[in-house]
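Data block below; observations after.
The values are calculated or read from the model by the stated rules, or taken from the named source; none is laboratory data. All of these numbers come straight from a predicted model, not from anything done at the bench. Don't worry about glycine lacking a Cβ; one is built from the backbone with ideal geometry, like all the others, and counts go over all protein chains shown. Heavy atoms of the whole protein, side chains included, go into the accessibility calculation; ligands, DNA and RNA do not. Shrake-Rupley method; radii C 1.70, N 1.55, O 1.52, S 1.80 Å.
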Amino acid sequence: MTEPMPVTYLFVPANRPDRFEKAIAAGADRIILDLEDAVPLDGKDIARAAIIGAELDWSRVLVRVNPSSTTFFEDDLRTVAATQAAGIMIAKAETAADINMVSQTIGRPIEITPLIETAKGLNAVDELLCMAGVSRVAFGHLCMAVDLGCSTDWDGLVLARQTLVWRSRLHGKAAPIEGVTPNIDNDQVFSDALLAKKFGFGAKLLIHPKQIAPTLRGFTPSDQEVTWAHKVLAALEASNGAAVAVDGKMVDKPVEDSARRILMVVQDREL
């Protein structure tokens, strides 16, 4: 049985090794040791040293490296190569060359997650999704909004989000990872997680441990959805192939598939 895809990805500043173990203990599916935005320019070397010196359960750890356009990229890759990190996230990923550089430098199989944060990256998403080691992409909506000169809200980035979900599905990759919610209020995080699920995303980037629980709740089918799914499948089983309606609506193949998907998600969460 394959392991369910991660849902919660928690960022931790790589220059704060005192927080590494606490982040892992908080219960996120993955933690991301961040060498990019969370670390000031004069603190990159200290952060790299902290990563290399850390003794962690690396099976749940990704490292976000600086963009390939910066002078930090190659040193960041060598840092990851010196660890047993399960994955690497490339900030502002834009070309296949970024992925090739990761593979060549790391020298072992590693999960590669391109972070789509620019118009150029969005335009290259097909190329990125086809690269070896890439199982899904993530969305950096705040940087994308800056690059496009649009609003950071959901309406302003509908096309970008739908493109990532659509192209990921087309290439048979896991549903993409939605961006962060700057507000750590539980209701706002839950609302954003629900919207992300509605759009077809399968996971979310987090900036605080308090965001883990409401995010999982948002991505997990509600009790009402589970009850409906059971009713649909029970009605189909009892119908012996005849046409059947549930709650006044006819059940066709897409409805059946939706019900089965809901119960499969619940089953995966319980494993």
Check: With a ≥ b ≥ c the root eigenvalues of the C-alpha gyration tensor of the stretch 60-193, is it rounded (a/c under 1.5), prolate (a/b larger than b/c) or oblate?
Finding: prolate
Next item on the list: Could you pull out the pairs from 22/197; 92/198; 44/197; 210/231; 92/197; 120/210 whose alpha carbons sit more than 29 Å apart here?
Entry: 44/197; 210/231; 120/210
Note to self: For the chain, take the longest principal axis of its alpha carbons; what is the angle in degrees between that and the long axis of helix 96-106, to the nearest 10 within 0 to 90?
What the structure shows: 70
Next item on the list: Determine the sum of side-chain charges near residue 214: Lys and Arg each +1, Asp and Glu each -1, restricted to other residues whose C-beta is under 12 angstrom from that of residue 214.
Entry: 0
Next item on the list: Enumerate the amide H contacts of residue 112 below 5 Å, restricted to partners 5 or more residues apart or on another chain; note that Pro and chain-start residues carry no placed amide H.
Entry: 88, 134, 135
Note to self: How large a share of the accessible area of the stretch 50-93, in percent, is made up of carbon and sulfur atoms when the probe is 1.4 Å and the other protein chains stay in place?
What the structure shows: 48
Next item on the list: Keeping all protein chains in place, calculate the accessible area per residue for the chain (probe 1.4 angstrom), answer in Å².
Entry: 49
Check: How many percent of the accessible area of the stretch 170-271 is carbon or sulfur, using a 1.4 Å probe?
Finding: 55
Item checked: Given charges at beta-carbon only (K, R positive; D, E negative), |dipole| of the stretch 1-132 in Debye -> 160
Check: Per-residue ellipticity at 222 nm for the chain, helices alone: DSSP H runs ≥ 4 residues times -39500 (n - 2.57), over residue total, nearest 500 deg cm²/dmol?
Finding: -13500 deg cm²/dmol
Check: Mind checking which of 169, 261, 217 has the largest fluctuation in a GNM of the chain, springs on alpha carbons under 10 Å?
Finding: 261
Notebook entry, point to check: Build a GNM of the chain with springs between Cα atoms under 10 Å: which of 132, 119, 234 gets the top mean-square fluctuation?
Noted result: 234
